[in-house]
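Peer 1: What follows is a single structure, and I will ask about it in a moment.
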Amino acid sequence: MALLDQKNNNVSITVFILCCVHTIMTRKENGWQEHREDFQRIPELAINPLGDRIINAFFPEGEDQVNFRGFMRTLAHFRPIEDNEKSKDQNGPEPLNSRSNKLHFAFRLYDLDKDDKISRDELLQVLRMMVGVNISDEQLGSIADRTIQEADQDGDSAISFAEFVKVLEKVDVEQKMSIRFLH
Amino acid sequence: MWVLVKTLEWATIRLQKGAKKPQPQMPRTPTANGIIERDETPMEKEISLLHRADFEFSHIFYFCRKGFEAIVEDEVTQRFSSEELLSWNLLTRTNVNFHYISLRLTVVWVIGVIVRYCFLLPLRFTLAAIGIISMIVGTTAVGQLPNGRVKNYLSEVVHLTCSRILVRALSGTIHYHNKENRPQKGGICVANHTSPIDAIILTNDGCYAMVGQVHGGLMGIIQRATVKACPHVWFERSEIKDRHLVTKRLREHVADKTKLPILIFPEGTCINNTSVMMFKKGSFEIGGTIYPVAIKYDPQFGDAFWNSSKYNIVSYLLRIMTSWAIVCNVWYLPPMVRKEGEDAVQFANRVRSAIARQGGLTELPWDGGLKRAKVKDTFKEEQQKNYSKMLVRNGSVGSLNAETESD
């Protein structure tokens with residue numbers, strides 16, 4: 001039984017990888033490195049308010065290009081969670097697309113300075129990216145304050161990862177942060 | 001030539017049956033509908049599905065996922081490269097995942113290469129040369145005649161004959177549908193654009209007045225020769241920048257009912273024949289009757305799409321001449337006129353829908369110019385505006401006011 005689960009798992013991983021290969025091969029002609037400009041050339045990504053943050057998520061610290069492995073690792077966060085994976089043994093390292101890792105990925109989109117806390121400023125930055133110039137500073141500030149107030153449990157006016165997880169416990173993260181490949 | 005095409009059709013189908021066998025262990029190439037399941041729920045529905053109306057951390061999930069879907073497979077950039085085929089047509093250029101499969105297939109492929117390069121190519125090249133030379137000579141000769149009915153008739157004959165020679169030179173098999181809707185004089189003919197050959201394909205069946213930029217070299221010679229015989233509208237490079245001048249000249253041409261219909265490609269650039277992109281509204285502001293035409297190439301025999309960032313015109317023509325054939329369908333659609341109260345953009349979209357529907361192409365609201373240029377920031381600002389409206393409308397500002405009042 002366990003062997004069968006393993007096999008199914010491998011098949012779906014294979015499909016995922018092959019689809020990623022297809023993505024890159026159809027998009028690029030010059031080797032297996034992606035640069036920021038390559039991402040920015042995608043119109044639907046360029047008009048996404050969080051486009052820049054998403055692009056940054058691919059690039060490791062301070063580097064300007066990402067290789068295939070890195071690209072895959074980031075994309076792997078969006079693999080749907082299969083049912084048979086939930087019963088896998090817990091001894092191995094947690095897969096990249098677990099609920100916890102998906103949430104961690106989202107947390108990192110907010111947390112720019114990587115101090116494991118979302119400060120008021122960082123929240124304001126993301127809010128500002130999403131609303132553009134349509135909401136005034138004061139209103140935005142109040143929204144940020146209220147959001148932090150509701151989520152903050154230890155009173156440090158910043159959101160830690162644990163508080164982040166708690167706020168999102170009712171949200172169906174698996175469904176919202178997954179991309180299903182057709183095959 | 002027709003026999004050749006039919007033979008190739010038969011041979012290709014037979015070879016496909018043979019080629020399909022070694023392929024099962026390879027993953028199936030994705031269909032044109034895409035490789036990921038896209039969730040098309042609009043922003044409002046998705047975000048308001050969440051429990052409360054004000055900002056939540058989970059709002060970024062929507063943008064995040066849309067962003068990743070765009071990275072994996074976006075609708076726009078794939079239109080600027082050649083379409084992928086489900087089954088291989090023995091041309092390496094159409095198979096992105098090409099690698100060695102079996103000896104038998106390689107042998108067949110080598111035979112195909114020999115046939116195409118050593119047999120078909122010289123034949124086609126000669127024919128093309130004959131066609132171009134006769135076009136130049138013929139139109140110059142006709143151009144010497146005084147204006148009048150005889151001249152128009154002769155110029156039509158010359159244009160049609162040369163077009164037919166050129167089409168044969170490319171081994172083109174064209175099926176025209178609904179010929180009763182063919183563009184009349186004084187009208188404007190609009191079509192979707194896949195390659196420079198589109199013009200030749202259309203002139204094979206009727207005479208049009210071309211619109212375009214003045215080029216140098218061989219193209220320039222052809223342009224200068226043909227304009228003597230037939231009133232084509234060639235613009236200098238500087239004139240193109242001036243939109244009013246362009247519109248004025250086109251309007252004059254259309255107003256003269258004896259002049260041939262103008263041929264315009266409103267997309268402005270070559271798209272890979274799987275979709276129709278945004279039509280530029282300039283052509284639809286001129287007035288007059290619009291005759292839409294849908295052109296769809298059959299990708300089995302050759303890829304007609306010109307990827308101008310990858311290939312220049314000469315290597316493009318070489319590729320075309322070494323394909324199996326150019327097979328396409330041309331549908332003439334019933335004429336359309338701008339309705340009362342419809343502005344140019346809406347009219348353009350209406351025409352575009354008709355063309356897309358007929359040709360079985362998808363419609364995309366994106367501008368073909370995105371091939372080279374970056375997308376405008378206004379689109380991003382629109383998304384931001386929509387999101388802000390949701391935040392504000394759903395009461396976060398309202399409840400803020402209530403709070404301050406109660407203080």
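Peer 1: Please name all residue pairs, on different chains or six or more residues apart, with Cβ atoms under 6 Å, provided the first residue is in region A:162-183 and is more than 7 Å from every other protein chain (Cβ to nearest Cβ) and more than 22 Å from A:Glu82 (Cβ to Cβ) and the second residue is part of a helix (DSSP H, G or I) and not hydroxyl-bearing (Ser, Thr, Tyr).
Peer 2: From residues that are more than 7 Å from every other protein chain (Cβ to nearest Cβ) and more than 22 Å from A:Glu82 (Cβ to Cβ), the pairs are A:Glu163/A:Ala151.
Peer 1: I've got another one for you. Would you check which residues across region B:264-308 are of a type in the set (Val, Ile, Thr) and part of a loop (DSSP other than H, G, I, E, B) and list them?
Peer 2: Listed by number, the residues that qualify are B:Thr269, B:Ile271, B:Thr274, B:Ile286, B:Thr289.
Peer 1: Checking the condition away from chain B (no Cβ under 14 Å) and either modelled with pLDDT under 80 or not in a loop (DSSP other than H, G, I, E, B) (or both), which residue from A:Glu29, A:Glu63 passes?
Peer 2: A:Glu63
Peer 1: Being within 29 Å of B:Ile320 (Cα to Cα), of a type in the set (Val, Ile, Thr) and surrounded by fewer than 18 Cβ atoms within 10 Å (Cβ to Cβ) narrows it down to one of B:Val276, B:Val227, B:Val211, so name that one. Can you show your working first?
Peer 2: On the way: B:Val276 fails: surrounded by fewer than 18 Cβ atoms within 10 Å (Cβ to Cβ); B:Val211 fails: surrounded by fewer than 18 Cβ atoms within 10 Å (Cβ to Cβ).
Every option except B:Val227 fails the conditions.
Peer 1: Follow-up question, since we're still on this one. Looking at region B:349-376, I want the residues that are among the β-branched types (Val, Ile, Thr) and modelled with pLDDT under 85 and have a partner that is in a loop (DSSP other than H, G, I, E, B) and crowded, with 17+ Cβ neighbours inside 10 Å with Cβ atoms under 7 Å, at least 6 apart or on another chain. Which pairs are those?
Peer 2: From residues that are among the β-branched types (Val, Ile, Thr) and modelled with pLDDT under 85, the pairs are B:Thr362/B:Thr274; B:Val375/A:Ile47.
Peer 1: In region B:321-350, what residues are hydroxyl-bearing (Ser, Thr, Tyr) and either surrounded by fewer than 17 Cβ atoms within 10 Å (Cβ to Cβ) or closer than 27 Å to B:Glu180 by Cβ (or both)?
Peer 2: Selection gives B:Tyr332 alone.
Peer 1: From B:His177, B:His193, B:His159, grab the single residue that is touching a residue at least 60 places away in the same chain (Cβ under 8 Å), within 20 Å of B:Ile326 (Cβ to Cβ) and surrounded by fewer than 18 Cβ atoms within 10 Å (Cβ to Cβ).
Peer 2: None of the other options fit; the residue is B:His177.
Peer 1: Does region B:377-402 hold any residues that are of a type in the set (Gly, Ala, Ser) and at pLDDT below 75, and which are they?
Peer 2: At the first step, the residues of region B:377-402 found to be of a type in the set (Gly, Ala, Ser) are B:388, B:395-396, B:398-399, B:402.
The answer is B:Gly395, B:Ser396, B:Gly398, B:Ser399, B:Ala402.
Peer 1: Now a separate question. Based on this model, can you work out whether B:Tyr311 counts as without any contact (Cβ under 8 Å) to a residue 12 or more places away in the chain, out of contact with any Ser or Thr (no Cβ under 7 Å at 6 or more places or on another chain), under 30 Å from B:Arg243 (Cα atoms) and outside any helix (DSSP H, G or I)? I'd like the intermediate steps shown before the answer.
Peer 2: On the way: without any contact (Cβ under 8 Å) to a residue 12 or more places away in the chain: yes; out of contact with any Ser or Thr (no Cβ under 7 Å at 6 or more places or on another chain): yes; under 30 Å from B:Arg243 (Cα atoms): yes; outside any helix (DSSP H, G or I): yes.
Considered against the rule, which asks whether it is without any contact (Cβ under 8 Å) to a residue 12 or more places away in the chain, out of contact with any Ser or Thr (no Cβ under 7 Å at 6 or more places or on another chain), under 30 Å from B:Arg243 (Cα atoms) and outside any helix (DSSP H, G or I), B:Tyr311 comes out as yes.
Peer 1: Moving to a separate point now. Find the helices (runs of 4 or more DSSP H) located wholly in region B:137-232 whose residues include 3 or more that are farther than 30 Å from B:Phe301 by Cα and of a type in the set (A, V, I, L, M), and list them.
Peer 2: B:217-229
Peer 1: Within region B:224-265, how many residues are hydroxyl-bearing (Ser, Thr, Tyr) and either within 16 Å of B:Gly143 (Cα to Cα) or in contact with a His (Cβ under 6 Å, 6 or more places away or on another chain) (or both)?
Peer 2: Residues of region B:224-265 that are hydroxyl-bearing (Ser, Thr, Tyr), as a first pass: B:226, B:238, B:247, B:258.
Filter once more, so that each one left must be either within 16 Å of B:Gly143 (Cα to Cα) or in contact with a His (Cβ under 6 Å, 6 or more places away or on another chain) (or both): B:226.
Residues meeting the conditions: 1.
Quick grid of which residues meet (1) outside any loop (DSSP other than H, G, I, E, B); (2) assigned by the TED database to the domain that holds A:Glu61; (3) in contact with a Lys or Arg (Cβ under 9 Å, 6 or more places away or on another chain):
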| position | (1), (2), (3) |
| --- | --- |
| A:Asp115 | no, no, no |
| A:Glu122 | yes, no, no |
| A:Leu127 | yes, no, no |
| A:Gln139 | yes, no, no |
| A:Asp145 | yes, no, yes |
| A:Asp154 | no, no, no |
| A:Phe164 | yes, no, no |
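The values are calculated or read from the model by the stated rules, or taken from the named source; none is laboratory data. Keep in mind that what you see is a predicted model, and the values were worked out from it rather than measured. Backbone-built Cβ (ideal geometry, glycine too); neighbour counts: all protein chains shown.
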